[in-house]
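Take a look at the structure set out below.
FYI, it's all coordinate maths here, none of it is from the lab. What you see is a predicted model; the values in this text were computed from it and never measured. In this analysis, Cβ positions are derived from the backbone assuming ideal geometry, glycine residues included, and neighbour counts consider all displayed protein chains.
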Amino acid sequence: MSWCGAIVLNVVIGIIQNEQEQYLLGLRPQGKPLAGFWEFPGGKIEATETAYEALCRELEEELAIEVLSADLLFDYVYEMEKKIFFSVWQVKHYRGEPQPLAADELRWVAKPQLAQHIFPPPNRRILQQLGVPLCDC
């Protein structure tokens, strides 16, 4: 998809918390762009699906879980060499135990420790929205 000559990507992100209010992160695998960065699970929205449908599909493909309910938290745009439209969802209920099908590792992280992990630059907005204090380094 392009917008005024720019490449546009539509991406969905799932924010998943456990009973201890820890957030689920995945470590980007070796051999992929941004390998070694931590991220919230998600992926590209296909042309024929809604953001919610993409969330369900991506989390099944990446984590082997079935999303039962989720709420849209917010949308935002990140611009670099391409425009990325992010749709960020809070996964309320799911079935299954998350498995690292698309990540080198999965980790449950408490909010105060999120800032100690290295995220891709577009994820700073998500961390800010979650109330994670970030340095300007």
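Assorted remarks:
- Length gained when the stretch W108-A47 is fully extended (0.36 nm per residue, less Cα-Cα span): 18.8 nm
- Net +/- balance of residues flanking E49 in space, Cβ distance below 12 Å, scoring K and R +1, D and E -1: -1
- Cβ-to-Cβ counts within 10 Å put C135, C56 in ascending order as C135, C56, the fewest first.
- Put in order of Cβ neighbour count within 10 Å, fewest first, the listed residues R28, R57, R124 become R124, R57, R28.
- Alpha-carbon Debye profile of the chain, log10 I(q)/I(0) at 0.09, 0.13 Å⁻¹: -0.25, -0.54
- DSSP finds beta bridges in the chain, and of those with both partners inside it, around 70 percent are antiparallel.
- Dipole check for the chain: with +1 at the C-beta of Lys and Arg, -1 at the C-beta of Asp and Glu, and the Cα centre as origin, the magnitude is about 360 Debye.
- Pairs of lysines in the chain (C-alpha under 19 Å apart; 8 or more residues apart or interchain): 5
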